[in-house]
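Working notes, beginning with the structure itself.
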Amino acid sequence: MTRDLHTSREHPLTADEVLQEVTEASVALLPSVTHAGITVITETGHGHEAVLKSVLASDPVPTHADALQQEHGEGPGLDAIWEQYAVRINNVETERRWPKLMLALFNETSIRSVLSFQLYTNGPEVGVLTFYAEVPDAFDEDTEDLAVDLATHAAIALTAARKGKQG
């Protein structure tokens, strides 16, 4: 997949093109995934809030989910992704780690399950690939393994695209 994402064209893909293909492939390849997005989270330091920026999304839903995280000041991107490679939310209705965000996701979106992976770190930035499903408990071990593979390939392809841009 990495080779396909980076070299299947006459010209090398840009980092943005790689990320776009990853979000589209996520929805097509992973069972139950209905939305996918890539977010950059910047730690501002000095007690200031982290800043989320949706860089690519399969549709408007992931961008709205990022806006809700930023609005409520809590969520997997803001709390846990700095220290964990993966964060899984089996059911937004019963998840207790981020109550304000979960209530907003439940009331304002069709999202019911979330699976997030750290894609890369670049100084104070973290890139996150997040998969969303419209049913609770959508991500079993097999789906999570496939998602890990996709996130790993995405990170490799993104690194190769960035190196190609620099070189």
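The values are calculated or read from the model by the stated rules, or taken from the named source; none is laboratory data. All figures in this text were calculated on a predicted structure; none of them were measured in a lab. Cβ: placed from backbone, ideal geometry, glycine included. Neighbour counts: every protein chain shown. Just so you know, the surface numbers come from the protein's heavy atoms only, side chains and all, with ligands and any DNA or RNA stripped out. Shrake-Rupley method; radii C 1.70, N 1.55, O 1.52, S 1.80 Å.
Does Tyr120 satisfy the condition of being in a strand (DSSP E or B) and at pLDDT 95 or above? So Tyr120 does not fit the description; no. Selection over region 102-116 of residues that are open to solvent by 40 Å² or more (accessible area, probe 1.4 Å) and either of a type outside the set (S, T, N, Q) or free of Cβ contacts under 8 Å to residues at least 24 places away in the same chain (or both) gives a count of 5. For region 123-139, the tally of residues that are open to solvent by 10 Å² or more (accessible area, probe 1.4 Å) and at pLDDT below 90 stands at 3. When the residues of region 83-95 are narrowed to those that are farther than 19 Å from Ala133 by Cβ and either of a type outside the set (Phe, Trp, Tyr) or more than 13 Å from the chain's Cα centre (by Cα) (or both), which ends up least open to solvent (accessible area, probe 1.4 Å)? Across region 83-95, the extreme among qualifying residues is Gln84.
Answer with yes or no whether Thr39 is among the polar types (S, T, N, Q), in contact with a strand residue (DSSP E or B) (Cβ under 7 Å, 6 or more places away or on another chain), modelled with pLDDT of 90 or more and not in a helix (DSSP H, G or I). It is false that Thr39 is among the polar types (S, T, N, Q), in contact with a strand residue (DSSP E or B) (Cβ under 7 Å, 6 or more places away or on another chain), modelled with pLDDT of 90 or more and not in a helix (DSSP H, G or I). Just to be sure before I move on: is Asp4 at pLDDT below 75 and more than 13 Å from the chain's Cα centre (by Cα) in the structure I sent? Judged against the criteria, Asp4 is a match.
Conditions tested, residue by residue: (1) within 18 Å of Leu150 (Cα to Cα); (2) at pLDDT 90 or above; (3) aromatic (Phe, Trp, Tyr).
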residue	(1), (2), (3)
Ala15	yes, no, no
Gln20	yes, no, no
Pro31	yes, no, no
Thr34	yes, yes, no
Gly45	no, no, no
Leu105	no, yes, no
Ser110	no, yes, no
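Scan region 47-84 residue by residue and report those that are touching a Leu at 6+ places or on another chain (Cβ under 7 Å), assigned to a loop (DSSP other than H, G, I, E, B) and either modelled with pLDDT under 85 or among the basic types (Lys, Arg) (or both). If the condition is that a residue be touching a Leu at 6+ places or on another chain (Cβ under 7 Å), assigned to a loop (DSSP other than H, G, I, E, B) and either modelled with pLDDT under 85 or among the basic types (Lys, Arg) (or both), then Ala50 is the only one that fits.
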